[in-house]
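Peer 1: Here it is: the structure, laid out below.
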Amino acid sequence: MTDPVRLDLSRRAVLGAAGLTAGAGALGALSDDAAGAPGLQGRLPREVDVVVVGAGISGLVAARDVRRGGRSVLVVEARDRVGGRVLNHRLTTKGATIEAGGAFIGPTQGHIARLARELDVPTFLEHTEGNSVYVSQTTGRLEYSGTVPPDPTILPDAALLLQQIDSYAAEIAVDAPWTHPRAREWDTLSLRDWIRGTAVLNPEGVANLIECWTQPGFGADPRELSFLFVLWYVACSGDERTVGTFSRNSDTAGGAQERRFVGGSQLIPLRLARRLGDAVALDAAVRRVEQRDGRVRVHTSRGVVSARRVVVAAPPPRVLGIDFSPGLPDRRRALLRHLHMGRLMKCDAVYPTPFWRADGLNGFGLSDTGAARAVFDNCPRDGEPGVLLAFVGGDTWREFGRLSRDRRRRAVLEGFAEMFGPRALRPVEYTEHDWTEERWTGGGPTAIHRPDGSLVRFGPAVRRPFGRVHWAGTETSTYWSGYMDGAVRAGERAALEVLDLLR
Ligand SMILES: Cc1cc2nc3c(=O)[nH]c(=O)nc-3n(C[C@H](O)[C@H](O)[C@H](O)COP(=O)(O)OP(=O)(O)OC[C@H]3O[C@@H](n4cnc5c(N)ncnc54)[C@H](O)[C@@H]3O)c2cc1C
Ligand SMILES: [Mg+2]
């Protein structure tokens with residue numbers, strides 16, 4: 001399979017060569033949302049009220065709200081497409097659409113849900129009928145239901161740890177985790193060391209199981225994660241009325257993986273961008289942001305725009321690639337240096353039908369070894385074709401992400417076969433997307449704090465504006481940070497901030 005980004009590129013190139021990209025009308029009439037809106041052609045405007053850096057969900061929402069507030073806005077996006085970490089992928093099989101990046105939503109993610117309704121993008125429930133599968137060296141292959149596999153060597157510790165995580169998380173202020181009395185201690189303790197010091201029966205076994213959550217959830221292993229950061233992340237997985245819990249964060253039923261979008265999550269940024277029309281400029285990477293004489297000059301690869309306020313909605317580590325004048329405050333720079341994008345790829349195998357469902361399995365699987373540690377049923381709504389998805393993250397990415405595509409494919413399919421039987425070895429199509437290779441993202445699903453004390457030391461700068469520059473992006477959200485819902489919330493908050501100051 002061709003890389004989906006290149007596919008989009010070639011489609012644009014083909015349309016462009018045929019003289020069809022002159023206006024949104026020509027492209028819109030020709031094709032569905034997947035081709036995207038071409039955005040602003042020609043020169044950038046010289047002046048707007050607000051420039052937004054980055055056309056991910058967060059930047060696009062900020063722009064929509066700024067415009068609704070009666071101010072002029074321009075989104076400048078480095079790539080030739082919108083959506084950032086949200087990207088649809090069209091399969092050859094039946095022309096079905098799956099997601100290469102962010103895909104799932106769940107209860108209490110009310111901001112992304114409202115936005116999707118506004119844009120007429122319906123959701124469907126993740127298939128949960130039937131049993132999940134657990135494969136481990138101690139138990140062999142087990143079928144089970146519920147959150148935690150019934151491995152007798154792990155279950156007691158897992159129950160203890162998850163209960164402890166939930167009760168600590170309930171004490172964390174989502175807008176100021178650094179104020180917890182034990183913040184310093186927990187921010188220099190890794191999740192792994194906390195597990196080692198807390199589990200009674202089988203610390204290694206339970207740490208291994210928790211990897212199956214942290215590798216897809218953070219693109220990282222327990223030893224890489226600040227315990228305070230993890231507690232904050234769990235606390236964030238709720239809303240103003242609902243306390244976040246481990247299962248709200250991790251479950252397909254009642255949790256963050258409860259639903260997906262019909263037609264793929266990228267329909268959301270694509271439709272937002274279409275509505276913004278000429279207020280989105282693609283292929284416009286921001287290189288320099290200059291604050292002088294009461295204005296901000298944003299230098300992009302397509303020219304310079306002058307604005308009264310700027311909202312930066314790029315992934316935190318990418319912001320370090322922008323030359324700020326005057327330079328960023330020390331604390332902001334230190335914060336950005338201490339936020340690391342996770343290592344994550346998605347690997348999907350496609351079958352004529354979801355054969356595992358007929359065997360009474362829901363397609364969800366966990367394994368303590370191999371390339372397929374956390375597996376989901378990733379079929380489109382009507383269940384055709386059958387699609388199995390493996391998240392390859394953290395140390396599993398370090399082991400398998402660097403192999404040749406063929407060797408990785410084989411390892412992923414072997415993992416699927418251990419869970420769902422030998423039919424899994426013969427897909428009709430296989431596709432994968434490695435986010436660590438994406439220049440304008442750098443990894444995924446989100447930026448993490450390592451156990452280096454940086455969340456306590458530099459975290460308080462996370463939403464603090466720098467002169468006329470404001471910060472959006474999912475990493476700045478106080479609820480569902482790291483998720484699409486957090487991206488929406490952060491965009492809404494940043495728009496309110498600038499509108500207030502522009503009055
Ligand atoms: C594999 C994977 C799986 C995920 N699964 C889920 C999931 O199931 N559910 C969920 O809710 N979330 C999931 N996420 C996370 C979710 O996708 C993100 O939280 C969300 O999309 C982030 O949106 P954002 O707008 O904050 O940032 P981004 O989407 O990263 O957007 C930032 C934009 O800034 C642009 N940019 C960067 N630098 C510059 C520059 N210098 N100049 C101009 N533009 C620039 C980028 O090109 C990008 O378009 C997943 C992510 C990945 C990678
Ligand atoms: Mg391990």
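Derivation of every value follows stated rules applied to the coordinates shown; laboratory data play no part. Given the structure is predicted, the values throughout are model-derived calculations rather than measurements. Virtual Cβ from ideal backbone geometry, glycine too; neighbours counted across all protein chains shown.
Peer 1: Would you mind calculating the gained length between residue 153 and residue 94 on full extension (0.36 nm times residue separation, minus the Cα-Cα distance), in nm to one decimal?
Peer 2: 16.9 nm
Peer 1: Can you give the charge dipole size of the range 278-418 about its Cα centre, rounded to the nearest 20 debye, using +1 on the beta carbon of Lys and Arg and -1 on the beta carbon of Asp and Glu? Could you put the intermediate results ahead of the total?
Peer 2: Details: 25 positive and 17 negative charges, 216 e Å.
For this selection, approximately 1040 debye.
Peer 1: Alpha carbon centre of the range 73-125 versus the range 444-503: separation in Å?
Peer 2: 20
Peer 1: Quick one: work out the % antiparallel among DSSP beta bridges in the chain, nearest 5.
Peer 2: Numbers: 48 of 70 bridges.
Roughly 70 percent of the beta bridges in the chain run antiparallel, per DSSP.
Peer 1: Right, here's the next one. Of 294, 195, 338, whose Cα points farthest to the positive end of the dipole of the range 186-341 (charges on the beta-carbon: +1 Lys, Arg; -1 Asp, Glu; origin at the Cα centre)?
Peer 2: In the range 186-341, that residue is 294.
Peer 1: Going by how many other Cβ atoms sit within 10 Å of their own, how do 167, 454 line up, fewest first? Mind showing how you got there, number by number?
Peer 2: Details: 167 11, 454 20.
Ranked by crowding around the Cβ, least crowded first: 167, 454.
Peer 1: Within the range 234-303, report the GluC sites (Glu not before Pro) that DSSP leaves as loop and that have at most 12 other Cβ atoms within 10 Å. Please report the intermediate quantities before stating the final value.
Peer 2: Numbers: sites: 240, 258, 290; in loops: 240, 258.
Taking the range 234-303 and a limit of 12 other Cβ atoms within 10 Å, the loop GluC sites (Glu not before Pro) found are 240.
Peer 1: Largest first and to the nearest Å, give the Cα extent of the chain along each principal axis.
Peer 2: Taking max minus min along each principal axis of the Cα atoms, the chain gives 66, 57, 40 Å.
Peer 1: How large is the dipole of the range 229-356 about the Cα centre if only Lys and Arg carry +1 and Asp and Glu carry -1, each at its Cβ, rounded to the nearest 20 debye? List each step's numbers first, then the result.
Peer 2: Details: 22 positive and 11 negative charges, 93 e Å.
Charge dipole, the range 229-356, about its Cα centre: 440 debye, nearest 20.
Peer 1: Would you work out which of 169, 256, 52 lies farthest towards the positive end of the dipole of the chain, given +1 charges on the beta-carbon of Lys and Arg and -1 on that of Asp and Glu, about the Cα centre?
Peer 2: 52
Peer 1: Which angle from 0 to 90°, rounded to the nearest 10, does the C-alpha axis of helix 4-17 make with the longest principal axis of the chain?
Peer 2: On a 0 to 90 degree scale, this one is about 30.
Peer 1: Here is a further query. Rounding to the nearest 10 and keeping the result within 0 to 90°, find how far the Cα-based axis of helix 57-68 lies from the longest principal axis of the chain.
Peer 2: For helix 57-68, the angle is close to 40 degrees.
Peer 1: How far is helix 405-420 tilted off the main Cα axis of the chain, in degrees rounded to 10, range 0 to 90?
Peer 2: 50
Peer 1: In debye to the nearest 20, how big a dipole does the chain give about its Cα centre with +1 on each Lys and Arg Cβ and -1 on each Asp and Glu Cβ? Please report the intermediate quantities before stating the final value.
Peer 2: Numbers: 65 positive and 59 negative charges, 438 e Å.
That gives the chain a dipole magnitude of about 2100 debye.
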